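What follows is a set of notes on a single structure, which appears directly below.
The values are calculated or read from the model by the stated rules, or taken from the named source; none is laboratory data. Owing to the predicted nature of the structure, the values given are computational and were not obtained by experimental measurement. Cβ placement follows ideal geometry from the backbone for every residue including glycine, while neighbour counts extend to all protein chains displayed.
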Amino acid sequence: MCSKLDVQLKVIRGKHKTSGAIYFVIIAWQLVGCGGTTTLVSMPKNESTTMPISDQQQTDQNYGTDDSPEQTIGDRAQPAPIGSTVQINDSNGDPLWEVTLLESNLNVNELIASENQFNSPPPAGFQFASAKVRVTYLGTDSKAPGWDLTLKFISSAGTTHDEFDVIVVGPNNLSNVNELYNGGTATANVYVAIPIMDSAKGTWRLTSLFLDTEFYFAAS
């Protein structure tokens with residue numbers, strides 16, 4: 001795992017009633033991810049296979065360089081189908097996580113409403129969706145998947161939605177899974193309020209904490 005501390009100094013001029021002008025220094029910091037790759041491990045048998053995906057390949061695609069490769073399964077333009085498995089590697093190329101999108105349900109309103117009486121309904125124009133994933137930790141220490149992995153819904157209109165937009169209680173939340181050691185596996189769900197319009201054209205975007213890499217699954 002790799003992270004960079006980006007520190008900025010900002011000088012703000014203020015007034016003091018006796019000594020005149022004084023200056024305040026504010027330190028702003030931000031953790032910036034670095035490195036990491038994703039490798040498509042498998043897809044459903046009725047789907048074709050593809051080559052590994054690297055951050056550099058994705059960067060070339062985004063900026064359209066002359067030597068950019070063809071679109072690769074796992075980017076937003078060509079998301080991997082439901083049932084696919086991806087391996088996330090750290091900045092040194094060492095395996096970190098293996099994640100499979102088992103199911104994608106784009107309307108679980110009734111499930112959320114029945115799970116807990118205190119769950120809020122989705123906002124107007126939205127519905128609750130769920131992504132069921134199987135995660136296996138491949139690293140050398142231990143990590144909690146609900147903390148280290150993030151699964152967000154990207155709509156066809158380009159808007160991003162995550163589980164913290166409308167927090168609800170659902171069966172077997174990924175956030176409730178305890179830390180895993182090497183080889184540890186868990187199956188859990190992520191619940192997100194997503195736009196109703198063209199929801200089937202959206203994607204699920206998978207990222208890992210402090211890493212630049214990202215991987216896209218089809219939502220339907």
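Restricting Val192, Val169 to those that are modelled with pLDDT of 95 or more and buried (at least 20 other Cβ atoms within 10 Å of the Cβ) reduces the list to Val192.
One line per residue, one yes/no per condition, for (1) among the basic types (Lys, Arg); (2) touching a Gly at 6+ places or on another chain (Cβ under 8 Å); (3) within 17 Å of Gly139 (Cα to Cα):
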site	(1), (2), (3)
Asp162	no, no, no
Val169	no, no, no
Leu174	no, yes, no
Thr185	no, no, yes
Pro195	no, yes, no
Asp198	no, no, no
Thr213	no, yes, yes
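For beta carbons closer than 7 Å, sequence separation of 6+ or different chains, a first residue in segment 140-167 that is farther than 18 Å from Val86 by Cα and a second that is among the aromatic types (Phe, Trp, Tyr) and modelled with pLDDT of 95 or more, the qualifying pairs are Ser142/Tyr181; His161/Phe153; Glu163/Tyr191. Where residues in segment 140-166 are under 25 Å from Pro123 (Cβ atoms) and among the acidic types (Asp, Glu), which of them is surrounded by the most Cβ atoms within 10 Å (Cβ to Cβ)? Out of the qualifying residues, it is Glu163. Hey, could you check segment 195-220 for residues that are over 24 Å from Ser120 (Cα atoms) and of a type in the set (Gly, Ala, Ser) and say which is surrounded by the most Cβ atoms within 10 Å (Cβ to Cβ)? Checking each candidate, the answer is Ser208. Somewhere in segment 115-134, is a residue surrounded by fewer than 17 Cβ atoms within 10 Å (Cβ to Cβ) and closer than 22 Å to Val99 by Cβ? Yes, that holds for at least one residue.
Using the structure shown, decide if Asp94 is exposed (fewer than 13 other Cβ atoms within 10 Å of the Cβ) and at pLDDT below 95. Considered against the rule, which asks whether it is exposed (fewer than 13 other Cβ atoms within 10 Å of the Cβ) and at pLDDT below 95, Asp94 comes out as no. Taking the criterion of being among the polar types (S, T, N, Q) and surrounded by fewer than 18 Cβ atoms within 10 Å (Cβ to Cβ), the residues of segment 174-189 that qualify are Ser175, Asn176, Asn178, Asn182, Thr185, Thr187.
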